[in-house]
Amino acid sequence: MVPHFKARFSEAFTRNASYVRPGDHTYNTPLPPDDERCFRLWLTQNEVCFDPEATVVDYDMRGFWMALTTGDQKARSEIDQHDGRLHYPDYWKTPYHQTFSNESQWATRDAPHWNEYGQLVEKSGTLLFESRQETGSGE
(Lines give C-alpha, C1' and ligand atoms only; values in the text may rest on other atoms or scores of the structure.)
Protein backbone atom coordinates (compact mmCIF):
# COMPACT_ATOMS: atom_id res chain seq x y z
CA MET A 1 0.00 0.00 0.00
CA VAL A 2 1.23 3.51 -0.84
CA PRO A 3 2.41 5.28 2.37
CA HIS A 4 0.07 8.32 2.09
CA PHE A 5 -2.95 6.02 1.68
CA LYS A 6 -1.81 3.99 4.68
CA ALA A 7 -1.61 7.15 6.80
CA ARG A 8 -5.01 8.39 5.55
CA PHE A 9 -6.65 5.02 6.28
CA SER A 10 -5.07 4.88 9.72
CA GLU A 11 -6.22 8.40 10.55
CA ALA A 12 -9.77 7.67 9.38
CA PHE A 13 -9.94 4.40 11.31
CA THR A 14 -8.70 6.07 14.49
CA ARG A 15 -11.41 8.75 14.17
CA ASN A 16 -14.13 6.19 13.31
CA ALA A 17 -13.24 3.34 15.67
CA SER A 18 -15.69 4.41 18.37
CA TYR A 19 -18.52 4.28 15.82
CA VAL A 20 -17.96 0.66 14.72
CA ARG A 21 -20.50 -1.90 15.88
CA PRO A 22 -18.93 -4.60 18.06
CA GLY A 23 -17.99 -7.84 16.37
CA ASP A 24 -15.45 -9.50 14.16
CA HIS A 25 -15.66 -7.62 10.86
CA THR A 26 -14.26 -8.41 7.44
CA TYR A 27 -14.41 -5.19 5.47
CA ASN A 28 -13.38 -6.79 2.18
CA THR A 29 -15.98 -9.37 1.09
CA PRO A 30 -14.26 -12.59 0.01
CA LEU A 31 -15.41 -13.96 -3.34
CA PRO A 32 -15.06 -17.46 -4.80
CA PRO A 33 -12.53 -17.59 -7.70
CA ASP A 34 -15.16 -17.46 -10.48
CA ASP A 35 -16.90 -14.49 -8.88
CA GLU A 36 -13.54 -12.77 -8.32
CA ARG A 37 -12.80 -13.04 -12.04
CA CYS A 38 -16.21 -11.56 -12.89
CA PHE A 39 -15.70 -8.81 -10.31
CA ARG A 40 -12.34 -7.82 -11.80
CA LEU A 41 -13.83 -7.82 -15.29
CA TRP A 42 -16.62 -5.54 -14.02
CA LEU A 43 -14.02 -3.19 -12.51
CA THR A 44 -12.23 -2.95 -15.85
CA GLN A 45 -15.33 -2.64 -18.03
CA ASN A 46 -16.80 0.07 -15.83
CA GLU A 47 -13.50 1.86 -15.12
CA VAL A 48 -14.11 1.60 -11.38
CA CYS A 49 -11.32 3.18 -9.36
CA PHE A 50 -10.55 0.32 -6.96
CA ASP A 51 -7.41 -1.71 -6.31
CA PRO A 52 -8.45 -5.38 -6.23
CA GLU A 53 -5.06 -6.29 -4.73
CA ALA A 54 -5.51 -4.07 -1.66
CA THR A 55 -5.84 -5.85 1.66
CA VAL A 56 -7.11 -2.79 3.55
CA VAL A 57 -9.95 -0.97 1.83
CA ASP A 58 -12.03 2.08 2.63
CA TYR A 59 -14.91 0.71 0.55
CA ASP A 60 -16.11 -2.88 0.27
CA MET A 61 -16.42 -2.80 -3.52
CA ARG A 62 -16.71 -6.59 -3.66
CA GLY A 63 -19.69 -6.42 -1.30
CA PHE A 64 -21.23 -3.70 -3.46
CA TRP A 65 -20.64 -5.75 -6.62
CA MET A 66 -22.13 -8.87 -5.04
CA ALA A 67 -25.23 -6.91 -4.01
CA LEU A 68 -25.45 -5.37 -7.49
CA THR A 69 -25.38 -8.80 -9.15
CA THR A 70 -28.17 -10.08 -6.88
CA GLY A 71 -30.44 -7.08 -7.50
CA ASP A 72 -30.10 -5.51 -4.05
CA GLN A 73 -31.84 -2.11 -4.22
CA LYS A 74 -29.10 -0.51 -2.06
CA ALA A 75 -26.51 -1.25 -4.74
CA ARG A 76 -26.84 1.81 -6.95
CA SER A 77 -24.28 4.36 -8.00
CA GLU A 78 -25.19 7.91 -8.91
CA ILE A 79 -23.76 11.35 -9.42
CA ASP A 80 -23.65 13.17 -6.08
CA GLN A 81 -25.76 16.34 -6.25
CA HIS A 82 -23.33 18.21 -4.00
CA ASP A 83 -19.97 17.50 -5.66
CA GLY A 84 -20.92 16.25 -9.15
CA ARG A 85 -18.85 13.05 -8.78
CA LEU A 86 -19.76 9.38 -9.05
CA HIS A 87 -20.82 8.10 -5.65
CA TYR A 88 -21.47 4.66 -4.24
CA PRO A 89 -23.77 4.08 -1.25
CA ASP A 90 -22.40 4.56 2.25
CA TYR A 91 -23.64 1.09 3.16
CA TRP A 92 -20.33 -0.43 1.98
CA LYS A 93 -18.01 2.28 3.39
CA THR A 94 -15.62 0.80 5.92
CA PRO A 95 -14.28 2.58 9.03
CA TYR A 96 -11.15 3.29 6.96
CA HIS A 97 -13.17 5.76 4.84
CA GLN A 98 -12.89 9.47 5.63
CA THR A 99 -16.68 9.82 5.33
CA PHE A 100 -17.75 6.74 7.31
CA SER A 101 -21.34 7.41 8.36
CA ASN A 102 -24.26 5.89 10.24
CA GLU A 103 -25.45 4.53 6.87
CA SER A 104 -22.63 1.95 6.82
CA GLN A 105 -23.50 -1.63 7.72
CA TRP A 106 -20.66 -1.54 10.26
CA ALA A 107 -21.64 1.73 11.96
CA THR A 108 -23.41 2.39 15.21
CA ARG A 109 -26.54 4.55 15.24
CA ASP A 110 -24.65 7.47 16.77
CA ALA A 111 -22.01 7.54 14.01
CA PRO A 112 -21.72 10.79 12.04
CA HIS A 113 -24.61 11.43 9.66
CA TRP A 114 -25.22 13.35 6.45
CA ASN A 115 -27.44 16.40 6.64
CA GLU A 116 -29.48 17.94 3.84
CA TYR A 117 -26.56 20.22 2.86
CA GLY A 118 -24.19 17.38 2.00
CA GLN A 119 -22.27 17.76 5.25
CA LEU A 120 -21.12 14.91 7.46
CA VAL A 121 -21.71 15.92 11.06
CA GLU A 122 -21.31 14.36 14.46
CA LYS A 123 -24.19 14.12 16.92
CA SER A 124 -22.76 17.20 18.64
CA GLY A 125 -23.06 19.16 15.38
CA THR A 126 -19.33 19.20 14.68
CA LEU A 127 -18.73 19.36 10.93
CA LEU A 128 -16.42 16.56 9.72
CA PHE A 129 -16.73 16.79 5.94
CA GLU A 130 -18.51 18.87 3.32
CA SER A 131 -19.14 17.43 -0.13
CA ARG A 132 -20.24 20.62 -1.84
CA GLN A 133 -18.12 21.53 -4.82
CA GLU A 134 -16.46 24.92 -4.62
CA THR A 135 -17.73 27.19 -7.37
CA GLY A 136 -14.74 29.53 -7.44
CA SER A 137 -17.08 32.51 -7.77
CA GLY A 138 -16.08 33.98 -4.41
CA GLU A 139 -19.59 33.58 -2.99
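The values are calculated or read from the model by the stated rules, or taken from the named source; none is laboratory data. Since the model is a prediction, treat every value here as computed from it, not as a measurement. As a convention, Cβ positions derive from the backbone with ideal geometry for all residues, glycine included, and neighbour counts pool all protein chains shown.
Structure above, values below:
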quantity: Some residue of the range 45-66 being surrounded by fewer than 16 Cβ atoms within 10 Å (Cβ to Cβ), of a type in the set (Val, Ile, Thr), at pLDDT 95 or above and touching a helix residue (DSSP H, G or I) at 6+ places or on another chain (Cβ under 8 Å); calculated: no
quantity: Residue match in the range 26-34 (condition: over 22 Å from Phe129 (Cβ atoms) and in a helix (DSSP H, G or I)); calculated: yes
quantity: In the range 4-44, residue farthest from Tyr88 (Cα to Cα) [restricted to those that are surrounded by 14 or more Cβ atoms within 10 Å (Cβ to Cβ) and among the β-branched types (Val, Ile, Thr)]; calculated: Val20
quantity: Residue satisfying all of: in the range 86-110; in contact with a strand residue (DSSP E or B) (Cβ under 7 Å, 6 or more places away or on another chain) and aromatic (Phe, Trp, Tyr); farthest from His25 (Cα to Cα) among these; calculated: Tyr88
quantity: Per-region count, the range 21-35, residues without any contact (Cβ under 8 Å) to a residue 12 or more places away in the chain and of a type in the set (D, E, K, R); calculated: 2
quantity: In the range 81-106, residue modelled with the highest pLDDT [restricted to those that are in contact with a Leu (Cβ under 9 Å, 6 or more places away or on another chain) and closer than 19 Å to Ala54 by Cβ]; calculated: Phe100
quantity: Among residues of the range 75-95, those that are out of contact with any helix residue (DSSP H, G or I) (no Cβ under 7 Å at 6 or more places or on another chain) and assigned to a loop (DSSP other than H, G, I, E, B), counted; calculated: 10
quantity: Any hit, the range 3-20, residues being part of a loop (DSSP other than H, G, I, E, B) and either in contact (Cβ under 8 Å) with a residue 12 or more places away in the chain or out of contact with any Asp or Glu (no Cβ under 7 Å at 6 or more places or on another chain) (or both); calculated: no
quantity: Close pairs (8 angstrom Cβ cut-off, 6 or more residues apart or separate chains): over 16 Å from Leu31 (Cβ atoms) in the range 42-58, part of a helix (DSSP H, G or I) anywhere; calculated: Val56/Lys6; Val56/Phe9; Asp58/Phe9; Asp58/Ala12
quantity: Matching entry among Asp110, Asp72 (being acidic (Asp, Glu) and either on the phi > 0 side of the Ramachandran plot or in contact with a Lys or Arg (Cβ under 8 Å, 6 or more places away or on another chain) (or both)); calculated: Asp110
